[in-house]
Amino acid sequence: TPFKTITRKLAPAISDLQAIEEVIVETKSTVSVAGNTYIDIYTVPPGKILCLERVTAYPVMINNSGVMVNIKIGVVDYTLDGAVASIINDYAFFPVTQKVNEGSIVRLRFITSAAGHTWNGWVYGYLINKYT
């Protein structure tokens, strides 16, 4: 019927109200280089959506001008948040849950001014199934 045709989803939904498949608490460390240092923390597995709740960063030595939360899709980085110092040594919650598609990489970009500092980054969220 026309109603069913019009209201049917034309493409798979990114996510919907679904059961949580897995809770994600992932951490990685890296040593900074002069300039920008990227740390890839979590890659979303095939068939899943990451519901990203919060991130945090911890420097062993503070010598930076900020941290940016990026999502890497293919070879392109998309910034979720501008340069912020508020996630350093603190939990940074997003105003709304950020939904990250399969194959995407959640990464932090440390804007540093010196090399040799150790950075730790954490990602907190949960996985749900992606419609097929």
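Read-outs throughout are calculated quantities, based only on the coordinates presented, and are distinct from any laboratory measurement. Since we're looking at a predicted model, the values are computed, not measured. Every residue, glycine among them, receives a Cβ derived from its backbone with ideal geometry; neighbour counts consider all protein chains shown.
What FRET efficiency would be calculated for the residue pair Y131, A34, taking the C-beta separation as r and a Förster radius of 35 Å, to the nearest 0.05?
0.20
Using amide H atoms built 1.01 Å from N in the peptide plane, name the residues 5+ places from V33, or on other chains, whose amide H lies under 5 Å from its own.
HN-HN under 5 Å from V33: G116.
Pull up all non-local amide H partners of E102: gap of 5 or more, or a different chain, and H-to-H distance under 5 Å with H placed in the peptide plane.
Distant-sequence amide H within range of E102: K48.
Efficiency by 1/(1 + (r/R0)^6): what FRET value for K99 and Y58, r their Cβ-Cβ distance, R0 = 25 Å, to the nearest 0.05?
With R0 = 25 Å, the Cβ-Cβ based efficiency is 0.45.
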